[in-house]
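Report on one structure; see the data block that follows.
The values are calculated or read from the model by the stated rules, or taken from the named source; none is laboratory data. In this text, all values refer to a predicted model and were calculated from it rather than measured experimentally. Neighbour counts run over all protein chains shown; Cβ positions are idealised from the backbone, glycine included.
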Amino acid sequence: MPLFPIAQGIRCWLRCAAASALLACVVAQAAPVAVPDAQDWARLTPAERQARKAEIRRQLDQASPAERKAFRQQLRQQIEALTPAQRQALIQQTRKGWYNLSADERQRLIDERREQIETMSPAERRELLRQRREMLRRLSPEERTALRDRLPAR
């Protein structure tokens, strides 16, 4: 008879340990992916930016579709919150970095982005398109014209 209460205690302890472990996993996965500050991002060296980008991509790969959507929305909101002058400076800095890349590196990044979009679900792609259209709608006429002029001819 004395073994029965001990067995119950052990079972109770195991259930609590299992519940705690499950809760820890849920909390660890529920942590949203932090959106980097656009201005701080621009100040990073290419190597630092690449390492940070790989870490964010790894986190996004493990995130749920809702968490990825929240990340994209926060990133877009942060960029849209910049003044036109800040946005233009960020664009110039990004463009300068792009042109400093080798042709092979640019092609690798293009292929990487294409692959990333292809792995999205149709709903995620539609949402991305909706967000891009919304972002374009919020641009000033001058910014839209400048962006349109840089597009390749069809």
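Region 37-107 holds helices (runs of 4 or more DSSP H) entirely within its bounds, and those carrying 1 or more residues that are assigned by TED's automatic domain parsing to the domain that holds Arg130 and closer than 19 Å to Arg138 by Cβ map to 38-43, 65-80, 84-100.
The set of residues in region 64-108 that are among the aromatic types (Phe, Trp, Tyr) and in contact (Cβ under 8 Å) with a residue 12 or more places away in the chain contains only Phe71. Could you figure out which of (1) surrounded by 12 or more Cβ atoms within 10 Å (Cβ to Cβ); (2) more than 25 Å from Ala85 (Cα to Cα); (3) of a type in the set (S, T, N, Q) isn't true of Gln131? It is condition (2) that Gln131 fails.
The residue of region 119-154 that is nearest to Leu90 (Cα to Cα), among those that are among the small types (Gly, Ala, Ser) and assigned to a loop (DSSP other than H, G, I, E, B), is Ser140. For Arg113, the conditions (1) assigned to a helix (DSSP H, G or I); (2) surrounded by 11 or more Cβ atoms within 10 Å (Cβ to Cβ); (3) within 21 Å of the chain's Cα centre (by Cα) are fulfilled apart from (2).
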